[in-house]
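Notes follow once the structure below has been shown.
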Amino acid sequence: MKTLARALLWIGIYLVLVSAPLPLLLIGPVPPGAGLWWDFSMALGFGGMAIMGIQFALTARFRRTTAPFGIDIIYYFHRLVAIIGMGFLLLHFAILWVAYPAALGVLNPLQAPGYMTAGRTAFVLFIVVIVTSLWRKPLGINYKYWRILHALLATLAFILAVVHIAGVGYYTRAPWKQWLWIAYTLFWVGLVGYVRVLKPWLLSRAPYRVIAVRPERGQAWTVALEPESHPGMNFQPGQFAWLTLGRSPFRFEEHPFSFSSSAKRSKRLEFTIKARGDFTRTIPQVTAGEIAYVDGPYGVFSVDRYPQAVGFAFIAGGIGITPIMSMLRTLADRGDSRPLHLIYANLYWENVIFRDELEHLRERLNISVVHVIEKPPPEWTGERGRITDALLQRRLPQNHRELHYFLCGPKPMSEAVQRTLYRSGVPLAQVHFELFELV
C-alpha cells in the first residue's frame, strides 16, 4: 500500500506539472477568441511544450521518483509521452498550416521574424531527437554519441521553442506568464546540470577499482569491482546500475548492467556482460587496477520485493540469466529454503553462462534447473527447441499459480511466456519482467 501511495503521489505531481500551463494561461487578460480550431491549436502547442519540458526529469534517475515503478518503466514512459508530446506539436502546426496559413508567415529565415524561425527550428530538432531515439540501432548511431546528441538537441529545441512562445506572445503577454515558461526552461537546464555536472561529481568521489575480469561461457565476461576508500553500496538482488569503466564520470561512457553478484556480498560488485556491442566488445581488454564508477542501484526486478512469496520461478534466455543469478546467489547465501524453479533457454549447450555454478547451487538451494537448448549436441537428452506452452506445462509445479515469476531474456520470449502464464491463471501481479533495451 505504501508503494501504491507513493506511485499515485508521483503520478499526481507529474499530471500537475504537465497540465499547469493551460489553466494558468487563462488567468488574467487573455486575447479574444480566434475560432475553435485556432484556440485548439494553441492548447495543443502549450500542452506539447509542457510535456517536453518535463521529459528530462523522467530520465534524471531520482531514486525516490523511480522506486515505485522501476526505472525501466520510467524510461518506457519517457519514450511514450515524448511521442504524445510530439503528436501535440505536429497537430498544432498542421491546424495552422491548413486553417490559418497566413499566421505562419514566410518560411525564409532571412525574411521571417526570429521567433518564428526559432519555433520551426525547434520543431525540426524535436523530430530529429525522437527519430534518432526510436531508430538508433537501425540508423547505426553509436550509443555514446547518441546520448550526447540527444541531450544537446533536446535542450536546444526546448530553449528555441520557449523563444518562439515568448515571441508570439499569444496568452503570454503578462510578464508573470512569460516567467512561467522561463521557469520551465530553467527547470530543464537545472536538470541537465544535475545529471551532467553534479551527479558525475558525486560519483567521482566514490570510485571503484577493477579487481578481476574473468571469462564466462557464451562470449561473456564478469567484471568484479571493490570500492576505493568508501563503504560501497547495498543493492537488492536483480537490480542494476550504470557502469563507467576506465573513464571520467563526466564523459558519456556509462552503460546499464545488472548486478550478477550476491547482495549479501556488497563489498564486491560483479557485472556479467556479453560482448555484443561497441562497448561490450571492449570488456576483454579491461584490466585489474582500472578505475570504475557505479551509479546505482536501480530497478524493482527483485525477489526482495516479495518476501511473503511461497516460491519463485525464473525463466531466462541467454544473458538474461544475469539478474536471476544475482537473486539465486543471494538466496543461497541467505540459506533460503523456499522452492525455486529455473528454466533457462540457450542456443547452444556450450554457451550456457554459469552452467557449472548452477549445478553447484542445487546443493545449496531447493531448486530445479531445466535447460532448454535450441541446437543441442547429439548426445543431448534434455529439453530441445524453445520455451513453449507445452514445456511450461510439463516443467512447472502443480502449485504454479502461487509462485512469483521473473522473466529476463529476448523480448519475444518474454512476451510469449507472459501470455502463457496469463492463460494458465497466474495473476498478473505475480509476473515480473524488465523492459530495458538500451545498448
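Here is how the numbers come out for the structure above:
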| quantity | calculated |
| --- | --- |
| Test result for Gln418, assigned to a helix (DSSP H, G or I) and crowded, with 16+ Cβ neighbours inside 10 Å | yes |
| Number of positions in region 156-169 that are of a type outside the set (A, V, I, L, M) and crowded, with 18+ Cβ neighbours inside 10 Å | 2 |
| Among the candidates Pro307, Pro284, residue that is loosely packed, with under 15 Cβ neighbours inside 10 Å and without any contact (Cβ under 8 Å) to a residue 12 or more places away in the chain | Pro307 |
| Residue count, region 198-221 (criterion: touching a Pro at 6+ places or on another chain (Cβ under 6 Å), surrounded by 15 or more Cβ atoms within 10 Å (Cβ to Cβ) and among the polar types (S, T, N, Q)) | 0 |
| Hits in region 236-270 - residues which are closer than 21 Å to Ile71 by Cβ, in a loop (DSSP other than H, G, I, E, B), modelled with pLDDT of 90 or more and in contact with a Leu (Cβ under 8 Å, 6 or more places away or on another chain) | Pro237, Ser261 |
| Scan of region 356-374 for residues that are in a helix (DSSP H, G or I) and farther than 13 Å from His341 by Cβ, ordered by number | Asp356, Glu357, Glu359, His360 |
| Odd one out for Phe93 among (1) in contact with a Phe, Trp or Tyr (Cβ under 8 Å, 6 or more places away or on another chain); (2) of a type in the set (A, V, I, L, M, F, W, C); (3) within 30 Å of His432 (Cα to Cα); (4) outside any loop (DSSP other than H, G, I, E, B) | (3) |
| Residue count, region 80-89 (criterion: closer than 24 Å to Leu4 by Cβ and surrounded by 16 or more Cβ atoms within 10 Å (Cβ to Cβ)) | 1 |
| From the options Leu90, Leu134, Leu125, residue that is within 22 Å of Met52 (Cα to Cα) and in contact with a Lys or Arg (Cβ under 9 Å, 6 or more places away or on another chain) | Leu134 |
| Residue in region 48-70 that is among the basic types (Lys, Arg) and surrounded by 17 or more Cβ atoms within 10 Å (Cβ to Cβ) present | yes |
| Test: Gly28 is in contact with a helix residue (DSSP H, G or I) (Cβ under 9 Å, 6 or more places away or on another chain) and not in a helix (DSSP H, G or I) | yes |
| Count of residues meeting criterion [surrounded by 14 or more Cβ atoms within 10 Å (Cβ to Cβ) and within 21 Å of the chain's Cα centre (by Cα)] in region 1-17 | 4 |
| From Met86, Met116, residue being under 28 Å from Val128 (Cβ atoms), modelled with pLDDT of 90 or more, of a type in the set (A, V, I, L, M, F, W, C) and in contact with a Pro (Cβ under 9 Å, 6 or more places away or on another chain) | Met116 |
| Residue identified as farther than 27 Å from Gly193 by Cα and assigned by TED's automatic domain parsing to the domain that holds Val192 among Asp39, Asp72 | Asp39 |
| Single unsatisfied condition, Val106 versus (1) free of Cβ contacts under 8 Å to residues at least 60 places away in the same chain; (2) surrounded by 13 or more Cβ atoms within 10 Å (Cβ to Cβ); (3) not in a helix (DSSP H, G or I) | (2) |
| Members of region 42-69 that are within 24 Å of Leu198 (Cα to Cα) and assigned to a helix (DSSP H, G or I) | Met52, Gly53, Ile54, Gln55, Phe56, Ala57, Leu58, Arg63, Arg64, Thr65, Thr66 |
| Within region 343-388, considering residues that are over 18 Å from Ala220 (Cβ atoms) and among the small types (Gly, Ala, Ser), the one modelled with the highest pLDDT | Ser368 |
| Any chance His92 is closer than 25 Å to Leu243 by Cα, surrounded by 13 or more Cβ atoms within 10 Å (Cβ to Cβ) and not assigned by TED's automatic domain parsing to the domain that holds Asp278 | no |
| Sole residue being farther than 30 Å from Val16 by Cα and not in a loop (DSSP other than H, G, I, E, B), chosen from Ile159, Ile211, Ile141 | Ile211 |
| Tabulated pairs, region 149-173, first closer than 18 Å to Ala50 by Cβ and not assigned by TED's automatic domain parsing to the domain that holds Glu253, second in a helix (DSSP H, G or I) and of a type in the set (S, T, N, Q), C-beta under 8 angstrom, 6+ apart or interchain | Ala154/Gln55; Ala157/Thr121; Phe158/Thr185; Ile159/Thr185; Leu160/Thr121; Val162/Thr185; Ala166/Gln178; Thr172/Gln178 |
| Sole residue being surrounded by 22 or more Cβ atoms within 10 Å (Cβ to Cβ) and either free of Cβ contacts under 8 Å to residues at least 60 places away in the same chain or closer than 30 Å to Ala241 by Cβ (or both), chosen from Thr330, Thr388 | Thr330 |
| Qualifying positions in region 375-396 - assigned to a loop (DSSP other than H, G, I, E, B) and among the acidic types (Asp, Glu) | Glu379 |
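To keep it simple, each residue is scored yes or no on (1) surrounded by fewer than 16 Cβ atoms within 10 Å (Cβ to Cβ); (2) under 26 Å from Gly277 (Cα atoms); (3) not aromatic (Phe, Trp, Tyr).
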{"position": "Ile182", "(1), (2), (3)": "yes, no, yes"}
{"position": "Val189", "(1), (2), (3)": "yes, no, yes"}
{"position": "His230", "(1), (2), (3)": "yes, no, yes"}
{"position": "Gln236", "(1), (2), (3)": "no, no, yes"}
{"position": "Leu245", "(1), (2), (3)": "no, yes, yes"}
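The values are calculated or read from the model by the stated rules, or taken from the named source; none is laboratory data. Because the structure is predicted, anything quoted here is derived from the model rather than measured. FYI the Cβ positions are ideal-geometry reconstructions off the backbone, even for glycines, and counts take in every protein chain you see.
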